[in-house]
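Take a look at the structure below.
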Amino acid sequence: MADTPQPDLGALVEGRSDEEINQFVKTRGVDTVLGEIFNGMAAAFVPEQAAGQSAVVQYDVAAEDGSHSYQLKVADGKCAMAKGAAEPARITLGLSLPDFLRLIAGKLDGMQAFMSGKLRIGGDMMFAQVMQSWFRRQ
């Protein structure tokens, strides 16, 4: 997974409870924060790493106000973000909002999150490892 372009995301989640993270995001707006993160992920896409592959990666983020779905569509050496679940996804990753932010900030290991049940993966599970290299860590 890629880091968000916001340099303070790591500081936001470091040592904070789920409640504290949820409250911060609520004040900024869940869709605003998630939109910034997914746009940052699309911008951090490294076409050479995808080597001509294409995929739709869906994230289902569970916030206090309900589930928010976003897709990253990789095709033709480009990555675009879309809100919602318009297209069939090769892989779907589901997390709570605080755990999603921790994962993106590099404060939560994806494998540990999966093994502990914090990260749910549907679809092509092996692809989860491959797609990580498609995004630049910031």
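None of the figures in this text is laboratory data; all of them are computed from the coordinates on show. What you see is a predicted model, and the numbers here were worked out from it, not measured in a lab. Cβ: placed from backbone, ideal geometry, glycine included. Neighbour counts: every protein chain shown.
Which loop GluC sites (Glu not before Pro) in region 23-70, with loop taken from DSSP, have no more than 14 other Cβ atoms within 10 angstrom of their Cβ? Let's see the in-between values first.
On the way: sites: Glu36, Glu48, Glu64; in loops: Glu64.
When the GluC sites (Glu not before Pro) of region 23-70 are filtered for loop state and at most 14 Cβ neighbours within 10 Å, Glu64 remain.
Bridges between two residues of the chain, per DSSP, are antiparallel at a rate of about 75%.
For Cys79, neighbours were defined as the other residues whose beta-carbon sits under 13 Å from its Cβ, and their charges (Lys and Arg +1, Asp and Glu -1) total +1. For the pair Met125 and Asp31, label points projected 7 Å from Cα toward Cβ lie 3.5 nm apart. In the chain, the DSSP-assigned H stretches of four residues or longer account for a calculated mean residue ellipticity at 222 nm of -11000 deg cm²/dmol, using -39500 (n - 2.57) per stretch and the full residue count as denominator. A Cβ-based charge dipole, computed about the Cα centre of region 9-132 with Lys and Arg at +1 and Asp and Glu at -1, lands at about 140 debye.
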